[in-house]
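Structure record follows, encoded as structure tokens.
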Amino acid sequence: MSLAETSAAAPAAHNAPTAAAVGGGAGRNVAIVGGGLAGSLLALALSERGYEVDVYERRSDPRAEGAEGGRSINLGLSKRGIQALTEVGLIEMIMPLTVVMRGRVIHAMDGTTRFQPYGKNRGEVLYSIDRSELIRILLDRAEKQPHVRLHFEHKLQSVDKDARTLELETPDGARTVRPDWVICADGAFSRARPEMHRGLRADYHQEYLEWGYKELSLAAGPNGESVIDLTALHVWPRAHCLFVSHPNRDGSHTLTLFLPHEGEDSFATTQTPEGVRALFKKYFPDLQPMLPSLVEQWMARPTGALLTTKTAPWRFENWMVLVGDSAHAVYPFYGQGMNSAFEDCSALLSSLKLHPNDRSAALTAYENARRPHTDVLMELSKANFIELRQKVNSPLFLLRKRLDVLLNRLMPKWWLPIYTMVSHTTMPYGDALLRARKQNRILGGVAAGLALAVGAGAWWALRG
Ligand SMILES: Cc1cc2nc3c(=O)[nH]c(=O)nc-3n(C[C@H](O)[C@H](O)[C@H](O)COP(=O)(O)OP(=O)(O)OC[C@H]3O[C@@H](n4cnc5c(N)ncnc54)[C@H](O)[C@@H]3O)c2cc1C
């Protein structure tokens with residue numbers, strides 16, 4: 001057994017660290033806790049930069065078992081995610097697996113629809129991608145690297161920061177590993193984060209939304225044709241609840257219903273077939289006929305909880321660092337969770353490059369560059385829930401949106417709607433918010449000026 005590893009039960013042969021992984025001084029041996037989106041992307045990127053990478057993932061290999069049902073089956077990929085995937089050379093492989101979404105189709109209560117483009121040109125679109133296909137590509141590519149070892153069914157249990165070891169639970173028993181440093185990419189319900197924070201003056205804030213979510217499938221027609229426009233995100237906004245659908249390549253759509261957990265018309269009142277039918281009749285009468293297996297799907301699919309978190313610090317000395325949802329889980333209403341997790345990966349890689357001989361400085365620079373902006377993303381994602389549920393139906397909001405697009409068309413360098421900045425650029429989130437506020441002030445000033453001019457004109461006319 002190597003210096004870097006002790007084990008209550010003998011580990012499987014393929015889990016044994018290589019001689020290079022045992023080395024300590026150079027800091028090339030990195031453990032990644034969590035083989036999800038951020039963890040697998042970093043495994044690939046770090047191995048290409050000469051690191052020895054061990055990924056410890058609590059689940060079994062998703063490629064062997066198929067996608068996990070009922071949990072965010074497809075995701076909206078936008079500029080930030082595209083940029084990170086481009087940097088690791090994967091974008092050309094991933095793009096053919098996506099479906100382009102040109103904008104939102106809003107479904108009103110009376111069954112009428114209205115299309116809202118995402119931006120002023122054809123480049124400003126989002127891409128829908130199947131989560132399981134994306135993770136399969138990332139894991140396949142990471143596994144092909146000679147310096148990456150994927151360890152499935154390895155669940156982080158605890159961390160000993162003094163001994164610099166990780167305690168893992170595996171099917172063969174407990175296992176202790178001693179990497180040079182650790183990247184915590186174990187998602188919103190991170191085990192690594194509280195372990196890292198133990199004994200530190202750390203902040204952690206989490207909020208659960210009163211709404212949960214459930215995913216349903218809207219099947220394609222008999223010839224594989226989509227029953228609603230395939231090239232858009234569909235939204236059924238209701239003040240009380242919200243349906244969103246992402247298209248799939250086979251013509252089907254993944255529908256996500258956001259609904260209160262408790263109270264009138266909630267997950268609590270839809271535990272029976274009658275309750276489910278009543279909810280759909282009241283809020284989504286146009287959708288119900290398209291879902292012949294509604295009740296069966298409803299009963300079979302789990303109800304998910306939505307959590308938003310922010311925390312500090314993101315690192316411990318030169319040894320541990322958080323990325324993705326473990327650092328900042330956000331509500332999914334801006335479609336930025338994965339995109340910002342990938343952007344974290346890019347930022348971490350840049351910081352490591354900038355400080356090749358000082359990992360502590362690299363991790364500090366990474367946290368300083370990212371944390372203020374992901375804190376802003378948390379607020380933006382909360383606000384977008386209200387926009388999707390309520391504002392998209394408001395004439396004033398629609399007018400404002402059109403004005404934003406018009407000004408952007410007239411002055412593309414000077415005027416950028418906040419949605420464009422967040423989804424179609426890599427401008428830091430905080431900068432995007434500041435710029436949007438400035439634009440709002442200008443627009444408010446112009447509106448007040450116009451109102452004054454009209455008022456003065458009317459007074460002058462009446463007086464004469
Ligand atoms: C309903 C919904 C819709 C969404 N839609 C979008 C969207 O359209 N666009 C977008 O950008 N984002 C979206 N997101 C957010 C996105 O799913 C997350 O932000 C993203 O998955 C974060 O990636 P991650 O790698 O940080 O975490 P995860 O993808 O959650 O990966 C964490 C990994 O760590 C593993 N793990 C956990 N605990 C342990 C442990 N103790 N030991 C070892 N391994 C462990 C997990 O099994 C998992 O594989 C959505 C989320 C939800 C809930």
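None of the figures in this text is laboratory data; all of them are computed from the coordinates on show. Computed from a predicted model, the values in this text were never measured in an experiment. No Cβ is skipped: glycine too gets one built from the backbone with ideal geometry, and neighbour counts run over all protein chains shown.
Below is a table of values for the structure above.
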{"item": "Label-to-label distance, nm, for residues given as Asn121 and Lys413 (7 Å Cα→Cβ offset)", "result": "1.4 nm"}
{"item": "For Asp110, Asp130, Asp160, order by how many other beta-carbon atoms lie within 10 Å, fewest first", "result": "Asp110, Asp160, Asp130"}
{"item": "The chain: antiparallel DSSP beta bridges as a percent of all, rounded to 5", "result": "75 percent"}
{"item": "Over the range 199-283, relative contact order from alpha-carbon pairs under 8 Å, at least 6 apart, %", "result": "27 percent"}
{"item": "Calculated from backbone phi, Karplus (6.51, -1.76, 1.60) coupling profile of the range 414-430 in Hz, x at Gly/Pro", "result": "9, 10, 10, x, 4, 4, 5, 5, 6, 9, 10, 9, 10, 4, x, 4, x"}
{"item": "Acute angle (nearest 10 degrees) that the helix 131-144 long axis makes with the longest principal axis of the chain, alpha-carbon atoms", "result": "30 degrees"}
{"item": "Total formal charge among the other residues, if their Cβ is under 14 angstrom from that of Met411, Lys/Arg +1 and Asp/Glu -1", "result": "+4"}
{"item": "Förster-model FRET efficiency, 45 Å R0, Glu210 and Leu97, C-beta, rounded to 0.05", "result": "0.85"}
{"item": "Alpha carbon centroid spacing (whole Å) that separates the range 380-405 from the range 264-305", "result": "27 Å"}
{"item": "Placed amide H near Ala232: partners under 5 Å, 5+ positions off or other chain", "result": "Arg102"}
{"item": "22 Å Cα-Cα threshold exceeded, pairs from Lys281/Lys382; Lys79/Lys155; Lys120/Lys401; Lys310/Lys382; Lys79/Lys413; Lys281/Lys401", "result": "Lys281/Lys382; Lys79/Lys155; Lys281/Lys401"}
{"item": "Relative contact order (percent, whole number), the chain, Cα cutoff 8 Å, 6+ residue spacing", "result": "18 percent"}
{"item": "Using θ = phi - 60° and Karplus 6.51 cos²θ - 1.76 cosθ + 1.60, couplings along the range 213-230 (whole Hz; Gly, Pro as x)", "result": "9, 9, 10, 10, 10, 9, 5, 6, x, x, 9, x, 7, 6, 7, 10, 3, 7"}
{"item": "In nm, spacing of pseudo-spin labels at Val446 and Phe189 (7 Å Cα→C-beta vector)", "result": "4.8 nm"}
{"item": "Sorted by Cβ neighbour density within 10 Å, fewest at the top, the residues Thr272, Thr420", "result": "Thr272, Thr420"}
{"item": "Euclidean distance between Cα centres, the range 154-214 to the range 82-148, Å", "result": "29 Å"}
{"item": "Karplus (6.51, -1.76, 1.60) ³J(HN,Hα), θ = phi - 60°, over the range 44-61, in Hz, Gly and Pro reported as x", "result": "4, 5, 5, 5, 5, 9, x, 7, 8, 10, 10, 9, 10, 10, 5, 7, 7, 5"}
{"item": "For Glu124, net neighbour charge (Lys/Arg +1, Asp/Glu -1) across residues whose Cβ lies under 11 Å away", "result": "+4"}
{"item": "Contact order relative to length of the range 303-377, as percent, for alpha carbon pairs under 8 angstrom and 6 or more apart", "result": "30 percent"}
{"item": "The range 282-418 shape via C-alpha gyration tensor axes, a/c threshold 1.5", "result": "oblate"}
{"item": "Value of D in µm² per second that Stokes-Einstein yields for the range 59-183, Kirkwood Rh from Cα pairs, at 4 °C (1.567 mPa s)", "result": "71 µm²/s"}
{"item": "Extension reserve of the Leu434-Ala278 stretch, reckoned as 0.36 nm per residue once the Cα distance is removed", "result": "51.8 nm"}
{"item": "All-pairs alpha carbon distance profile, the range 394-463, 5 Å steps from 0, percent", "result": "3, 15, 19, 22, 15, 9, 7, 5, 3, 1, 0"}
{"item": "Charge tally in the Cβ shell below 12 Å around Phe258, where Lys, Arg are +1 and Asp, Glu are -1, Phe258 excluded", "result": "+1"}
{"item": "R0 of 22 Å, Cβ-Cβ distance Met299-Glu264: FRET efficiency to nearest 0.05", "result": "0.60"}
{"item": "Estimated distance in nm for a label pair at Trp459 and Gln145, the labels positioned 7 Å out from Cα along Cα-to-Cβ", "result": "6.9 nm"}
{"item": "For Gly212, residues with placed amide H under 5 Å, excluding near neighbours", "result": "Leu259, His261"}
{"item": "Value of D in µm² per second that Stokes-Einstein yields for the range 207-305, Kirkwood Rh from Cα pairs, at 10 °C (1.306 mPa s)", "result": "114 µm²/s"}
